[in-house]
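> Take a look at this one; I'll ask things after.
The values are calculated or read from the model by the stated rules, or taken from the named source; none is laboratory data. Computed from a predicted model, the values in this text were never measured in an experiment. Every residue, glycine as well, gets a Cβ built from its backbone with ideal geometry; the counts of neighbours run over all protein chains shown. To get the accessible areas, we keep the full protein, side chains included, count just its heavy atoms, and leave off ligands, DNA and RNA. Shrake-Rupley method; radii C 1.70, N 1.55, O 1.52, S 1.80 Å.
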Amino acid sequence: MFQKDLFQGRAIFITGGGTGLGRSMALRLAELGARMFLIGRREEPLRETCEEIHRAGGAAAYATCDVRDFAAVDAVAGKAEQQFGRIDSLINNAAGNFIARTEKLSPNAFNAVVSIVLNGTFHCTQAFARRWIAAKEAGNVLNIVATYAAANCGSGFVVPSACAKAGVLAMTRSLAVEWAPYRIRLNAIAPGPFPTEGAWSRLMPSEQFEQHARDAHPMKRFGRHEELANLAAFLLSEQAEYINGECVVIDGGLWLRGAGEFNDLLGLPDGAWAAMEAARVKKGG
Ligand code: HXC
Ligand code: NAP
């Protein structure tokens, strides 16, 4: 399905590319021929991921950068262009998140998450779009959001993230229209639960909660990184050129399960169903 040279000649900039899902996307896209430019705040994971790409025969480079700082983002966008000639795609994957009771949050805690997720995404998007528009070149933006943004339902206990991701989705859809004349398309992916050190250490309060999360999932499993990386590859590929302003949920049906009024009947044992069915047959004669 994915040809080995699908991304030949392409160059992709990814934020948070040294860890978790960003790392998995970087490795997969490099495997498909893309030259990858990775950024994040810590050097070590970026260097390690680039080395792994090089060992596999791919092309990658990195720079440390905090996406909250527009001047730093703009400088690193220039550096990436110097490295690869032209960057044609941007993946806004960097994020901050934690679980907390909202009434206990400090203004700085709210701001820390919103400025990484929402402002950071805006900074990177604008830095590259300005370049693409000035050079009259097409561009591609993929934003990683969350199902609580895609489903328009929000979520308690992760309110800064829910607010910021909803903002990123609004940005995706707004700019998909505004910048379509420039041949810049923007899409989003809303992942369900995908085990990563970054997310799990901050969002899974205990092993029991993790077990509960798995049991409550309609497919009884979490996502596999390659599933998300392949979706990203499709959305960034030329095959998806007419997909613009879309948000694709990849969660095994989890949010739909949460939304349906009777979905908790998933927990009803077979015996109880059999008894109800038998009673109905008797009544009906
Ligand atoms: C309450 C908290 C907190 C917590 C930090 N703060 N952690 N408040 N509960 N658990 C507060 C601090 O006290 C401080 O406020 C403010 O937030 C900023 O904290 P810093 O540590 O100074 O910020 P910073 O170093 O910028 O770190 C940002 C961060 C951190 C977001 C707080 O967690 C981070 O770097 N995260 C990056 C990686 C990450 O979060 N990955 C998970 C993505 S998963 P005061 O007032 O004390 O100064 C994801 C999944 C979504 O998004 C969907 C899952 C299904
Ligand atoms: P992760 O490994 O913690 O990824 C977050 C990345 O963002 C890290 O590499 C981090 O690197 C970088 N980052 C954070 N703040 C930054 C900043 N200010 N400037 C530059 N880079 C910064 O977690 P993940 O689970 O892979 O998350 C990746 C994306 O998927 C996020 O957008 C997240 O919201 C989304 N998501 C994940 C899940 C899941 O279940 N895992 C579910 C839904 C959505 P540094 O700390 O070195 O900067």
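> How many of the residues making up the range 125-161 are assigned to a helix (DSSP H, G or I), more than 15 Å from the chain's Cα centre (by Cα) and either over 22 Å from I87 (Cβ atoms) or near ligand 2 (Cβ under 10 Å from one of its atoms) (or both)?
Step one: list which residues in the range 125-161 are assigned to a helix (DSSP H, G or I), which gives 125-135, 147-150, 159-161.
Among the residues that remain, those that are also more than 15 Å from the chain's Cα centre (by Cα) are: 126-135, 159-160.
When the remaining residues are screened for being either over 22 Å from I87 (Cβ atoms) or near ligand 2 (Cβ under 10 Å from one of its atoms) (or both), the result is 159-160.
Result for the range 125-161: 2.
> So, N152, is that one modelled with pLDDT under 95 and either surrounded by fewer than 19 Cβ atoms within 10 Å (Cβ to Cβ) or among the basic types (K, R) (or both) or not?
Yes, satisfied.
> Search the range 95-110 for residues being touching a residue at least 12 places away in the same chain (Cβ under 8 Å), within 9 Å of ligand 1 (Cβ to nearest atom) and not aliphatic (A, V, I, L, M), and hand back the single one that is most open to solvent (accessible area, probe 1.4 Å).
Pass one, the range 95-110, residues touching a residue at least 12 places away in the same chain (Cβ under 8 Å): 95-102, 105, 109-110.
With the extra rule that they be within 9 Å of ligand 1 (Cβ to nearest atom), the set shrinks to 95-101, 105, 109-110.
From the residues that got through so far, the ones that are not aliphatic (A, V, I, L, M) too are 96-98, 101, 110.
Numbers: G96: 14, N97: 35, F98: 68, R101: 134, F110: 80 Å².
If we take residues in the range 95-110 being touching a residue at least 12 places away in the same chain (Cβ under 8 Å), within 9 Å of ligand 1 (Cβ to nearest atom) and not aliphatic (A, V, I, L, M), then R101 is most open to solvent (accessible area, probe 1.4 Å).
> Let me ask another. For the range 51-108, enumerate the residues that are over 19 Å from T19 (Cα atoms) and assigned to a loop (DSSP other than H, G, I, E, B).
Within the range 51-108, G57, D69, G85, R86, I87, D88, I99, A100, R101, L105, S106 meet the criteria.
> Within the group A71, A26, A61, A75, which residue is open to solvent by 10 Å² or more (accessible area, probe 1.4 Å), in contact with a Leu (Cβ under 8 Å, 6 or more places away or on another chain), at pLDDT 95 or above and among the small types (G, A, S)? Outline the logic, then answer.
On the way: A71 fails: in contact with a Leu (Cβ under 8 Å, 6 or more places away or on another chain); A26 fails: open to solvent by 10 Å² or more (accessible area, probe 1.4 Å); A75 fails: in contact with a Leu (Cβ under 8 Å, 6 or more places away or on another chain).
That would be A61, the only listed residue that is open to solvent by 10 Å² or more (accessible area, probe 1.4 Å), in contact with a Leu (Cβ under 8 Å, 6 or more places away or on another chain), at pLDDT 95 or above and among the small types (G, A, S).
> For the range 1-10, indicate whether the set of residues that are in contact with a strand residue (DSSP E or B) (Cβ under 8 Å, 6 or more places away or on another chain) and either open to solvent by less than 50 Å² (accessible area, probe 1.4 Å) or of a type outside the set (F, W, Y) (or both) is non-empty.
Initial filter on the range 1-10 (in contact with a strand residue (DSSP E or B) (Cβ under 8 Å, 6 or more places away or on another chain)): 10.
This time we only want the ones that are either open to solvent by less than 50 Å² (accessible area, probe 1.4 Å) or of a type outside the set (F, W, Y) (or both), so: 10.
Looking through the range 1-10, at least one residue is in contact with a strand residue (DSSP E or B) (Cβ under 8 Å, 6 or more places away or on another chain) and either open to solvent by less than 50 Å² (accessible area, probe 1.4 Å) or of a type outside the set (F, W, Y) (or both).
> Of the residues that make up the range 129-145, is at least one under 19 Å from G253 (Cα atoms), out of contact with any Leu (no Cβ under 8 Å at 6 or more places or on another chain), touching a residue at least 12 places away in the same chain (Cβ under 8 Å) and aliphatic (A, V, I, L, M)?
Taking the range 129-145 and keeping what is under 19 Å from G253 (Cα atoms), we get 144-145.
Remaining after also requiring out of contact with any Leu (no Cβ under 8 Å at 6 or more places or on another chain): none.
Scanning the range 129-145 turns up no residue that is under 19 Å from G253 (Cα atoms), out of contact with any Leu (no Cβ under 8 Å at 6 or more places or on another chain), touching a residue at least 12 places away in the same chain (Cβ under 8 Å) and aliphatic (A, V, I, L, M).
> Applying the selection to the range 48-68, what residues are away from ligand 1 (no atom under 16 Å from the Cβ) and more than 17 Å from E81 (Cβ to Cβ)? Before the answer, list the steps.
Keep residues of the range 48-68 that are away from ligand 1 (no atom under 16 Å from the Cβ), which gives 48, 50-63.
Across the range 48-68, the qualifying residues are E48, C50, E51, E52, I53, H54, R55, A56, G57, G58.
> List the helices (runs of 4 or more DSSP H) inside the range 180-285, counting only whole elements, that have at least 2 residues being touching a residue at least 40 places away in the same chain (Cβ under 8 Å) and surrounded by 12 or more Cβ atoms within 10 Å (Cβ to Cβ). Steps first, please.
Numbers: elements: 197-203, 207-216, 225-236, 254-259, 270-283.
Passing ranges, in order: 197-203, 225-236, 254-259.
> Still on this structure, I have one more. Assuming I133 fulfils every condition listed in (1) touching a Cys at 6+ places or on another chain (Cβ under 6 Å); (2) of a type in the set (A, V, I, L, M); (3) open to solvent by 30 Å² or more (accessible area, probe 1.4 Å) apart from one, which condition is it?
Only one criterion is unmet by I133, namely (1).
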